[in-house]
Structure formats: C-alpha cells, structure tokens
Amino acid sequence: MLHTIHKVVNTENPTSAARFVERFALLLDEAGMPRMPARAFAAILAEDAGRLTARELAERLAVSPAAVSGAVRYLTQAGMVVRGREPGERRDDYRLHDDVWYEIYAYRGEMLRRWEQAMADGVELVGPDTPAGRRLQETREFFAFLQEELPALMERWRARNQPTRRAPK
C-alpha cells in the first residue's frame, strides 16, 4: 500500500505525507466522520495543490473507484470539498475551499440552528418540567449559545488570518 502512495504523493517526503493522511483520518473517524471520507479529505488536505481527481484519490489510498465515489459524495454534501475542473481537463477534481476550516464551520452554523430547533420541539413533546425536558432545554440553550458565538468567532478568525491570505509578490 505504501508503494502506491509513494508513487502518487506530490510532496518532498511521501512516507510522511502518507503517515499524516492515515493519522489525521483516524482522528476524523474518532470524531464521527466515516473512515473513507476522512481518508479522502486528509489526502486532499495533504496535497500541495489542494485538489485531487477521483483516480488520484483511488491510487493514493489504494481503494476502489466506488469507495472514492462515496467518499467524495459525502465530502461534497458536507461542504468540505467542491468539485471542479481545470480548463482543458476532461476529469473533475475535488478541491478544498480557499479557507477550508472557515467554510466547514460556517456550514455548522446552519446545523446548530436545526439542532436547536429540534431540541425546542423535543422540550414541547416531552414536557419542560420532566427530567428529559430539562436536559433537552439545556442542550437547546447550549446550541443557541454556540450559534450566537460562532459568527464573532469566525470574524475574529478572518481578521487574524487576513495577513496570511495576501497574494504572493
């Protein structure tokens, strides 16, 4: 498996890049992301160009095209990668957003809103004065807090990250 990875990885140290891909994918898997999308995301993240075709992903990860297809579908639907194509190319590639983590967490704001609403609905269904209702209400308040704080946190990140986003001279 590492031989295939060595052949395809476009970095100065392919063994280290392959090791990173597997280690970070395990962390993402532990956080709840399915294993194959985690591996595909880590491979794209570790690629100098920040993009790979489905064929390159299959070669890099030593998996079937079907496995890659499911992985990139998951990543695209989750807003973690976008599908694109270079001018003159016949194959689509999967690429990271320019500010990948900002985009991922910006998407989470909508998810938090939906979770907060689900908790509010749950409180109504089980009753606010029950142990479950109080637990659901606390969860709703936590999601509301995160939703309120996320925009300011994201803005602070943008302000902090701005100097690194300048165009090269």
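Structural remarks
- Verdict on Leu125 being free of Cβ contacts under 8 Å to residues at least 40 places away in the same chain and either outside the structural domain of Leu52 (by TED's automatic domain parsing) or within 30 Å of Glu47 (Cβ to Cβ) (or both): yes
- Here Ala78 meets each of (1) out of contact with any Pro (no Cβ under 9 Å at 6 or more places or on another chain); (2) closer than 30 Å to Ala25 by Cα with one exception, condition (1).
- Pair list, Cβ under 6 Å, 6 or more apart: the stretch 60-75 residue within 15 Å of Tyr94 (Cα to Cα), other residue part of a loop (DSSP other than H, G, I, E, B): Leu75/Val81
- For the stretch 94-112, the condition holds for at least one residue, the condition being that it is part of a loop (DSSP other than H, G, I, E, B), at pLDDT 90 or above and within 30 Å of Pro65 (Cα to Cα).
- For the stretch 117-138, the criterion of being basic (Lys, Arg) and surrounded by 15 or more Cβ atoms within 10 Å (Cβ to Cβ) is satisfied by no residue at all.
- Some residue of the stretch 70-79 being farther than 30 Å from Glu155 by Cα and either assigned by TED's automatic domain parsing to the domain that holds Leu26 or part of a helix (DSSP H, G or I) (or both): yes
- Checked against (1) among the hydrophobic types (A, V, I, L, M, F, W, C); (2) at pLDDT 95 or above; (3) not assigned by TED's automatic domain parsing to the domain that holds Ala17, Ala42 passes all but a single condition, namely (3).
- Residue satisfying condition, being without any contact (Cβ under 8 Å) to a residue 60 or more places away in the chain, closer than 30 Å to Leu52 by Cβ and in the same structural domain as Arg60 (by TED's automatic domain parsing), within set Arg108, Arg91, Arg158: Arg91
- Of the candidates Leu52, Leu75, the single residue that is under 21 Å from Ser16 (Cα atoms) and buried (at least 22 other Cβ atoms within 10 Å of the Cβ) is Leu52.
- None of Arg83, Arg90, Arg158 is surrounded by 11 or more Cβ atoms within 10 Å (Cβ to Cβ), not aliphatic (A, V, I, L, M) and not in a helix (DSSP H, G or I) except Arg83.
The values are calculated or read from the model by the stated rules, or taken from the named source; none is laboratory data. None of the values given here were measured: they were computed from a predicted structure. A quick note on method: Cβ atoms are made from the backbone with ideal geometry, for glycine too, and the neighbour counts reach across all protein chains shown.
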